[in-house]
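All remarks here apply to the structure that follows.
The values are calculated or read from the model by the stated rules, or taken from the named source; none is laboratory data. Keep in mind that this is a model prediction, so the values were computed, not measured. Ideal geometry is used to build each Cβ from the backbone, glycine not excepted, and the neighbour counts take in all protein chains shown.
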2 protein chains.
Amino acid sequence: MTPTPLYLDCDTGIDDALALAYLLASPSAELVGIGSVSGNVSAAVGAVNTLDLLALAGRPDIPVAVGAHDPLVRAFDGGAPHVHGANGIGGVVLPTSGTAQMDETAAEMLVRLANEYPGELKVVAIGPLTNIAHALRLEPRLPELVAGITLMGGAAMVPGNITPVAEANIANDPEAAREVLAAPWNVTMVPLDVTMANVLEEEHRLELLASENPVARALGEMLGYYYRFYEGIFGRACSAMHDPLAAAVALDAVALRTAPVVHAEVDAGNGPGRGQTVCDLRGMHVGYPEQPGAHCRVVLELEQDFAPHLMDVLLGRVPAAIGARNS
Amino acid sequence: MTPTPLYLDCDTGIDDALALAYLLASPSAELVGIGSVSGNVSAAVGAVNTLDLLALAGRPDIPVAVGAHDPLVRAFDGGAPHVHGANGIGGVVLPTSGTAQMDETAAEMLVRLANEYPGELKVVAIGPLTNIAHALRLEPRLPELVAGITLMGGAAMVPGNITPVAEANIANDPEAAREVLAAPWNVTMVPLDVTMANVLEEEHRLELLASENPVARALGEMLGYYYRFYEGIFGRACSAMHDPLAAAVALDAVALRTAPVVHAEVDAGNGPGRGQTVCDLRGMHVGYPEQPGAHCRVVLELEQDFAPHLMDVLLGRVPAAIGARNS
């Protein structure tokens, strides 16, 4: 099987680090490029974290481009140090990779890769969608050129995590998200509905810390910080698995129980709904009848808990997406 | 026990008729006035339906005032004949009451009653909130004068029924709903989250049709029409119980399993969220911690299915709100 070429857009970030480690462990995907964007941290810091993680994983060959510092219409708000730590990875100090970033921007890299792998490239976006919106503006044919986009973001029927209805990646750049959802491509949205329902527990963190794999150990250390934030949300030391779940969905590595294709748009106004992903789920009582013209698949529920699969992949017990669908 | 004086604001409407019949059967509440508002039907038609139902129930003494024809800023859209029938009560022809409507408007009636029963009057609003907003403008002290307001409306964590996020009563007059939720009184919101989860089935309709009570029989006939609409929603002949459930909640006649007091506001903008009730339910994983200043109780879940209680009351087997809480 030829691995699927994959462009990752991220704001690394603790759960971004988990997603990156997950993708690196998967032989079914080949990371051909990574772009950073401001979100959990600035695009510049996100690029450094990404490069350091790649070096630690022995993959300094994967190119990293720095993306947009500011959202489309507002200024970067400084990120979420209370969630991810001041350096974005929970205060964990990684060896400095020294690898150079690409000269091109993240949006330019995405457009270049889309042209290099026409019809094949999968886009996985786990930060604000600023770079993707810039890429759509640079290359309006992008939707035809790529195989599809999977994004971590939004909240369909559960509360948001920034406002009562807005999730962080969308809230950080609603205008960009609006453009990305409106573009004529197949979008798979992995919202809080499913990421908050799949949790890493303390036992998982301890297992990562006990690993001989330096990347797994670093992730375990980062999760110590991340868990402290989530203790206020869940009432115990644990964390949601936003970004790695989006990565696994992009690889078709997890079976989906409920994932209707529906009309979805982003509220980019200035009212209380700003940053909300408005998904038309009114068909929920009758199995979500087809909605002509809809092109956004909203992942609401998995068949099985995600944590065991994620741990298996991170600890090298199974490669991602190989037989995982029915594991 | 002295019955609680109650003002009902309605757009009668099949489920409004159920709510009215439910309240009339309750000795714990005394309907001291009813206002009509445009929603399911025009305010004028709603008033006629209400008067005819009151006459059929032997209660032509209860005064009915016609309320606002148009929402605060837009024009009445003609109602929902596909849901409630052209006459609002599923095409059922009731004997004409001939009772005169009050000279005052519904808003004037509400303000008058609030002053007549200071600190005692309960407001139950089961239509768009236009009249209530007008009353707040007429008498800014209304929030201190009444004992509280219970409204059927909104959608907190489930889809809307007019747009992906907006429920009909709120969507019909978002500006009014915004003012009502912002006013400094205790609001109890009974949204689609709980009304769509409590359903009347075909067996209940047949039981109503077999009753010797003419009001119960008329309700059974109306439900035949209502069920046809809901067949598209639920995939079987049945219906949600929006308005009677709000009436029962107002009477404290049903036990609530989940009903947090949270910040809530209405999106009255012109984006995709227009008409949404934005409720801050982010504390859901830790039992909804107190939100200082919040004054909206959002009813999300009952302890028990509502249908048996409603049927008992409508068929005169038990009076509403007498021992029902723990039935």
### Query
Restricting segment A:247-262 to residues that are buried (at least 19 other Cβ atoms within 10 Å of the Cβ) and within 14 Å of chain B (Cβ to nearest Cβ), which is nearest to A:LEU24 (Cα to Cα)?
A:PRO260
### Task
Considering only residues that are in contact with a strand residue (DSSP E or B) (Cβ under 6 Å, 6 or more places away or on another chain) and in contact (Cβ under 8 Å) with a residue 60 or more places away in the chain, look in segment A:43-64 and name the one that is farthest from A:GLY78 (Cα to Cα).
A:GLY46
### Query
Could you say whether any residue in segment B:275-287 is among the acidic types (Asp, Glu), without any contact (Cβ under 8 Å) to a residue 60 or more places away in the chain and touching a His at 6+ places or on another chain (Cβ under 9 Å)?
yes
### Task
Search segment B:21-42 for residues that are among the acidic types (Asp, Glu) and pair each with any residue that is assigned to a loop (DSSP other than H, G, I, E, B) and at pLDDT below 95 when their beta-carbon atoms are under 7 Å apart and the residues are at least 6 apart or on different chains.
B:GLU30/B:PRO3
### Residue identified as within 18 Å of the chain's Cα centre (by Cα) and either closer than 28 Å to B:LEU72 by Cβ or modelled with pLDDT of 95 or more (or both) among B:ALA197, B:ALA216
B:ALA197
### Hits in segment B:110-158 - residues which are out of contact with any Ser or Thr (no Cβ under 9 Å at 6 or more places or on another chain), surrounded by fewer than 24 Cβ atoms within 10 Å (Cβ to Cβ) and under 30 Å from A:GLN276 (Cβ atoms)
B:ALA133, B:LEU136, B:ARG137, B:PRO143, B:MET157, B:VAL158
### Query
For segment A:193-210, what are the residues that are touching a residue at least 60 places away in the same chain (Cβ under 8 Å) and not in a helix (DSSP H, G or I)?
A:ALA197, A:ASN198, A:VAL199, A:LEU200, A:GLU201
### Task
Can you tell me which residue within segment B:222-246, out of those that are over 16 Å from A:MET284 (Cα atoms) and small (Gly, Ala, Ser), is nearest to the other protein chains (Cβ to nearest Cβ)?
B:ALA237
### Task
Quick one: in segment A:265-309, of everything that is part of a strand (DSSP E or B) and over 22 Å from B:GLU265 (Cα atoms), which residue is farthest from the other protein chains (Cβ to nearest Cβ)?
A:LEU302
### Query
Being more than 14 Å from every other protein chain (Cβ to nearest Cβ) and within 15 Å of A:ILE149 (Cα to Cα), is that true of even one residue in segment A:192-201?
no
### Task
Pairs only if they're at least six apart or on different chains, beta carbon under 6 angstrom, first in segment A:212-236 and touching a residue at least 40 places away in the same chain (Cβ under 8 Å) and part of a helix (DSSP H, G or I), second among the hydroxyl-bearing types (Ser, Thr, Tyr) and buried (at least 18 other Cβ atoms within 10 Å of the Cβ); list them, first residue then second.
A:TYR226/A:SER239
### Message
Give me the helices (runs of 4 or more DSSP H) completely within segment B:124-178, filtered to those with at least 2 residues that are more than 14 Å from every other protein chain (Cβ to nearest Cβ) and at pLDDT 95 or above, ordered by residue number.
### Response
B:130-138, B:142-145
